[in-house]
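See below for the structure under consideration.
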Amino acid sequence: MRQRIRRHIVLIGMMGAGKTAIGTEIARRLQVPFTDSDAEIETAAAMSISEIFARDGEAFFRERETQVLARILDGPPGVVSTGGGAWMRAENRALIRGRALSVWLNCDLETLWHRVRQRSTRPLLKTPDPKATLATLIAQRYPLYAEAELTFDARPGDSVEAAATRLIAAISAAHPDLLEAR
Ligand code: S3P
């Protein structure tokens, strides 16, 4: 179905929640642009996220993240996946609330851990006990993630396709004004 969306759809949530995979799929189905803020930061810096953290530090990365987010949200409405820490900054929450429907991809620790444990691309998890770090981040972040306009509970067994189908249905049900056929 070809759609027009009146606002961006911004996916927030932890590393491994499926923001990029599900975001890519719902953008493809709605035929709207998809943007991944981490990928945009990497392209602009010509460095990986790990390299940016190692060379310039997290504070520098967070500044870039806000700039990139503002630029993306200035563009035509599309689906945007954000890095897991983006929603933690009040400035970013205000930007997103002003221009987008925020959707939290809520996912449990075991599922997240299963997905991120093999990857070395997340600098925040380069700790002696990355699973405990993940649990700490969950405890800090979930109360704020819960302030998203829509909470989508990921089901561990869901394929990307099944999750995308459920998410589009949830958005249409909760925000029928956001999607319009064209
Ligand atoms: C981060 C998540 C990463 C990336 C950076 C910091 C976080 O993005 O932005 O490593 O603070 O949770 P993903 O959520 O896409 O892995």
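Can you give the accessible area per residue of the stretch 3-181, in Å², using a 1.4 Å probe? Mind dumping the intermediate values first?
Values: 8370 Å² over 179 residues.
Solvent-accessible surface per residue comes out at 47 Å².
Using a Gaussian network for the chain with springs between C-alpha atoms less than 10 Å apart, which of these wobbles most: Ala86, Ala27, Ala46?
The residue with the greatest mean-square fluctuation here is Ala46.
What are the GluC sites (Glu not before Pro) within the stretch 44-148 that DSSP puts in a loop, where the Cβ has at most 15 other Cβ atoms within 10 Å?
Working: sites: Glu51, Glu58, Glu63, Glu65, Glu91, Glu110, Glu147; in loops: Glu147.
Taking the stretch 44-148 and a limit of 15 other Cβ atoms within 10 Å, the loop GluC sites (Glu not before Pro) found are Glu147.
Pop a pseudo-label 7 angstrom from the Cα along the beta-carbon direction at both Val160 and Asp129 and give the gap in nm to one decimal.
The answer from the label model is 3.4 nm.
Counting pairs of alpha carbon atoms under 8 Å apart in space and at least six apart in sequence, what relative contact order in percent does the chain give? Please list the in-between numbers first.
On the way: 263 pairs, mean separation 65.5, N = 182.
In percent, rounded to a whole number, it is 36.
Where is the GNM fluctuation largest for the chain (alpha-carbon springs, 10 angstrom cutoff): Thr136, Thr165, Thr35?
Thr136
When the chain is treated as a GNM, springs tying every alpha-carbon pair under 10 Å, which of Ala39, Ala54, Ala164 comes out with the largest mean-square fluctuation?
Ala54
Give the ranking of Lys19, Lys126, Lys131 by solvent-accessible surface, highest area first, calculated with a 1.4 Å probe.
Details: Lys19 20, Lys126 130, Lys131 60 Å².
Accessible-area ranking of Lys19, Lys126, Lys131, largest first: Lys126, Lys131, Lys19.
If you put +1 on each Lys and Arg Cβ and -1 on each Asp and Glu Cβ, how big is the dipole of the stretch 38-133 around its Cα centre, in Debye rounded to 20?
Numbers: 14 positive and 13 negative charges, 33 e Å.
Once rounded to the nearest 20, the dipole reads 160 debye.
State the Kirkwood hydrodynamic radius of the chain in Å, one decimal place, computed from all pairs of distinct Cα atoms.
Details: mean 1/r = 0.0602 Å⁻¹.
It works out to 16.6 Å.
How much of the accessible area of the chain, probe 1.4 Å, is carbon plus sulfur, in whole percent? Each step should come with its number before you reach the end.
Numbers: 4670 of 8760 Å².
Carbon and sulfur atoms account for 53 percent of the accessible area of the chain.
The values are calculated or read from the model by the stated rules, or taken from the named source; none is laboratory data. Predicted model, so just to flag it, every value in this text is computed and none were measured. Note that each Cβ is placed from the backbone with ideal geometry, even for glycine, and that neighbours are counted across all protein chains shown. For accessibility, only protein heavy atoms count, side chains too; no ligands or nucleic acids. Shrake-Rupley method; radii C 1.70, N 1.55, O 1.52, S 1.80 Å.
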